[in-house]
Each structure stands twice: as C-alpha cells, then as structure tokens.
1. Averaged over all directions, how much area does the convex hull of the C-alpha atoms of the stretch 1-52 cover when projected, in nm²?
2. I want the local charge near LEU39. Using Cβ-Cβ distances under 14 Å, sum +1 for each Lys or Arg and -1 for each Asp or Glu among the other residues.
3. Provide the three semi-axes, in whole Å and in decreasing order, of the ellipsoid equivalent to the stretch 1-116 as defined by the square roots of 5 times the Cα gyration tensor eigenvalues.
4. If Lys and Arg each add +1 and Asp and Glu each add -1, what is the summed charge of the other residues whose beta carbon sits under 15 Å from the beta carbon of LEU21?
5. Over the chain, with a Gaussian network built from C-alpha contacts below 10 Å, which listed residue (SER78, SER59, SER148) shows the highest mean-square fluctuation?
6. Would you mind working out the accessible area per residue for the chain, using a 1.4 Å probe, and quoting it in Å²?
7. Determine the share of the chain's accessible area contributed by carbon and sulfur atoms, expressed in whole percent, with a 1.4 angstrom probe.
8. What residue among VAL75, LEU39, THR129 has its Cα farthest toward the positive end of the dipole of the chain, where the charges are +1 on Lys, Arg and -1 on Asp, Glu, each on the Cβ?
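The values are calculated or read from the model by the stated rules, or taken from the named source; none is laboratory data. These numbers come from a predicted model, not from an experiment. Counting neighbours? That spans all protein chains shown, and the Cβs are built from the backbone with ideal geometry, glycine included. In case anyone asks, the SASA skips ligands and DNA or RNA and just uses the protein heavy atoms, side chains included. Shrake-Rupley method; radii C 1.70, N 1.55, O 1.52, S 1.80 Å.
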Amino acid sequence: MLIEFKVANFRSIREEQTFSLVAGNADKELNSCVIDRELPGLSGVRFLKGAAIYGANASGKSNLLSAIQFVAQFVRHSAIKLQPGDPTGAEPFKLDQASAALPSTFEITFVAEGVRFVFGFSATRSRVTEEYLIAYPKGAPQQWYHRSYNAERNAYDWAKPSTAFKHDRSLQDKTRENSDRKSTRLNSSHT
C-alpha cells in the first residue's frame with residue numbers, strides 16, 4: 001500500500017513535491033473512501049483508497065506520474081538491465097544550471113506485509129549518489145541500509161545498519177554505481 005511519494009529535481013519538477021495518501025481528519029463523513037489500518041507508530045492515521053491529480057496544463061501532473069514510473073522501473077530493472085557505465089535514466093530539472101548539476105531525489109513510503117518502509121535514493125545521470133531503506137516493524141525506525149557516494153574517494157560509504165537487520169556485506173561489493181541495492185538483493189537471490 002502506497003502512503004506517500006516525494007520527488008525533487010526531476011524533469012519539470014524542481015522543488016520537492018509530495019503525493020500523499022494520508023487522509024485528513026477534518027471530514028469524517030466519507031468513511032467508505034478511507035482505510036483504517038493500524039500500523040505501529042501510526043495509530044489513528046487513516047489512508048485514502050484513491051486520489052486524483054489535477055491542475056493546469058503544463059503544471060507537472062504527467063511528470064509526477066513519470067517519476068513514480070521511473071522509481072518502479074529503476075528498482076525492478078537497474079541491477080539486471082543496466083551495465084556498468086550505462087546512464088541511470090534520471091532527468092534533472094534543466095531550466096537552471098544549478099539544478100541540472102544536482103541529483104534527482106525520490107522517496108516512497110509504503111506498507112508491505114504489515115510493515116511500513118521508507119525507501120529513497122538520489123541519482124545523477126551516471127550514478128546513484130545516495131540510497132536508503134528504513135523499516136518500522138515495531139513503530140520505531142530501523143535503518144536497514146544507507147549508502148552515499150564519496151566523490152573524494154570515488155567510493156560509497158555504507159552506514160552501519162540497525163542491529164535488528166541481518167546485514168550481508170557481500171551485497172555492497174555487488175551493488176553498481178548505476179543500480180540500487182534493493183534490486184541487487186532481489187536479483188542476486190534468483191541467480
């Protein structure tokens with residue numbers, strides 16, 4: 001279940017934009033439109049069953065959907081379809097030079113098997129510059145992994161994961177600069 005999606009510096013989207021499926025508490029009349037689901041750390045929060053994206057022409061609606069599609073494709077295919085040195089597919093905002101030189105950033109909050117997760121990454125055209133996965137199995141955050149690119153060393157720095165997470169150090173060596181670790185882990189289990 002999708003809870004929230006954030007994107008910044010992607011195509012026509014320069015500043016961070018958030019698409020949220022968290023229901024407001026102002027109107028209790030439309031209970032058939034919300035999901036009451038108790039999640040650790042989110043008691044009393046209700047979620048929308050659906051949402052509409054609307055706005056003026058050329059306001060970024062299609063690019064928000066393109067960003068969601070980009071994340072889905074990147075997670076599913078970057079480790080198996082991209083070869084070392086291939087572009088990531090990230091498309092930063094081009095209408096200002098400062099933004100064009102910065103990575104595109106994405107973050108998705110979702111629920112899988114009753115656990116809330118926050119997965120995010122930043123990517124330039126050539127590499128993932130940061131990536132993280134945080135789980136909330138009991139309401140408190142557990143950092144499962146976090147990597148960030150260190151340009152001075154031309155290598156990734158990996159943060160120590162939560163003690164509750166079984167860490168496989170070999171995946172660090174298998175994760176390329178233009179793919180995400182999540183898909184590397186998923187795809188290495190199939191080989």
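1. Numbers: hull surface 19.1 nm².
It is 4.8 nm².
2. Working: positive: ARG37, ARG46, ARG116, LYS138; negative: GLU4, ASP36, GLU38, GLU113.
After counting each charged neighbour, the total is 0.
3. Details: eigenvalues 185, 73, 27 Å².
Semi-axis lengths for the stretch 1-116 are 30, 19, 12 Å.
4. On the way: positive: LYS6, ARG37, ARG46, LYS49, ARG116; negative: GLU4, ASP36, GLU107.
Combined, the nearby Lys, Arg, Asp and Glu give +2.
5. SER59
6. Details: 11010 Å² over 191 residues.
Using a 1.4 Å probe on heavy atoms only, each residue of the chain averages 58 Å².
7. On the way: 5680 of 11010 Å².
Of all accessible area on the chain, carbon and sulfur atoms account for 52 percent.
8. VAL75
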